[in-house]
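Report on the structure given below.
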Amino acid sequence: MEEKDARRDGMRPLSVDKTWLPACAHQRDGAPLAMKSEPTSPDVDPAPPAAPRQGKLSDPERWVDEHGDYLFKYAMTRVRDPARAEDLVQETFLAALKGGKSFEGRAAEKSWLIGILKNKVVDAYRKTSRESSFTDLEFYQDEERDRFVQEGLFKGSWDHDLGPQEWSAEAGGTLDSQEFWKAFHDCSSKLPKAISTAFLLRELDEMETPEICGVLGISENNLWVMLHRARMALRRCLEANWFTKTR
Amino acid sequence: MSLWGRCRRWLAEVSPSCQQAARAQSARLDGSLSRSASLGLWIHLVLCRWCRRYGRQIRSIREQMKKHPEKAHAGVPDALRSEAKERLKEILRKPPAED
């Protein structure tokens, strides 16, 4: 449990960040939402004054030092590509510069930047899915049919020569070996981008379904299909690249 | 045909194929498997060692990733390079003109 918590802290401080959502009214003025129209005391202002114009993005360079790494990490978790993540951070800062808003505090500034970045990530995925390559499409259609019997009484059963082989190493601890992880990285990098992202967001970052669907701009059903394809392809690739080599 | 043989045959007919079972096993990992499908899958798994093996393997991949997130994450940078920071600052000092 401890390990898991530590992991969450280390690996996904980002996906739980919902602070960019507008704060509830009752959090702001201390009264429940319904009471807002009838102030209970003279100093409760139903429409709080605009935030003090303290941080009028005077020093955008400061953002880079203060928020750069955080934004980068957020983008990295979602696009898994350092160059693209850097580009997204840059686009975010430029958009922020144009949008020029003022903030009460740095926390609000950070949430605002994350909000912009979030949209940039979604746009990036929309764009790539429009330009989806043939190999991606092929991948979507491929149910690894060649691994299953095609005809007759046993249609849809594993072909016994091509189906999953027993990973004898599975019983021992050798699954966690250098060779395994090398094969793991080789194999997951071969998956189409959106599929490996969906898979890693689910398995590594333990992101919830609606959020993954939001990031990738896909339906839940699409997600189940993608995860299934990812597992199937990864298992097959690991078997070929790691298991049969270490046997 | 023995009674067991006949039972197996009947069960094989009511249960999903391996191809469908593979999809169902993945759905089960995601918690998106319906009750009726999970009964079908259960029957199939009793009969089919290939699918039991398949399920074991995809589960063990998940377990490895959960057990060693740092290894699964290996090589993924989690902070901006200092050159990138300098470049960003440069750009922010002189943002490109509006198009």
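Annotation: amide H-H contacts under 5 Å for A:Trp158 (H modelled 1.01 Å from N, sequence separation of 5 or more, or interchain): A:Val149, B:Cys18. Projecting the Cα positions of B:Ala22, B:Ile43, B:Gln64 onto the charge dipole of region B:3-75 (unit charges on Cβ atoms of Lys, Arg, Asp and Glu, taken about the Cα centre) puts B:Ile43 furthest along the positive direction. Using a simple spin-label model with pseudo-atoms 7 Å out from Cα toward Cβ, B:Glu83 and A:Gln178 lie 2.8 nm apart. Checking Cβ-Cβ separations below 4.7 Å across chain B identifies B:Cys7, B:Cys18 as cysteines lacking any candidate disulfide partner. For chain B, a simple Cβ point-charge model (Lys and Arg +1, Asp and Glu -1, everything else neutral) yields a dipole of about 720 debye relative to the Cα centre.
Working note: 222 nm ellipticity from helices only, DSSP H runs with n ≥ 4, each -39,500 (n - 2.57), summed and divided by the residues of chain B, gives -23000 deg cm²/dmol to the nearest 500. Between the helical axis of B:35-47 and the longest alpha-carbon principal axis of chain B there is an angle of about 70 degrees.
Each of A:Phe184, A:Phe148 has some number of other Cβ atoms within 10 Å of its Cβ, and from fewest to most they run A:Phe148, A:Phe184. Taking only Cα atoms, what is the 0 to 90° angle, nearest 10, from helix B:82-93's long axis to the longest principal axis of chain B? Taking Cα atoms only, the helix is inclined about 60 degrees. By how many degrees, 0 to 90 and rounded to 10, does the Cα axis of helix B:3-14 deviate from the longest principal axis of chain B? Roughly 40 degrees between the two axes.
Bear in mind these aren't lab numbers, they're just calculated from the coordinates by the rules spelled out. Keep in mind that what you see is a predicted model, and the values were worked out from it rather than measured. Virtual Cβ from ideal backbone geometry, glycine too; neighbours counted across all protein chains shown.
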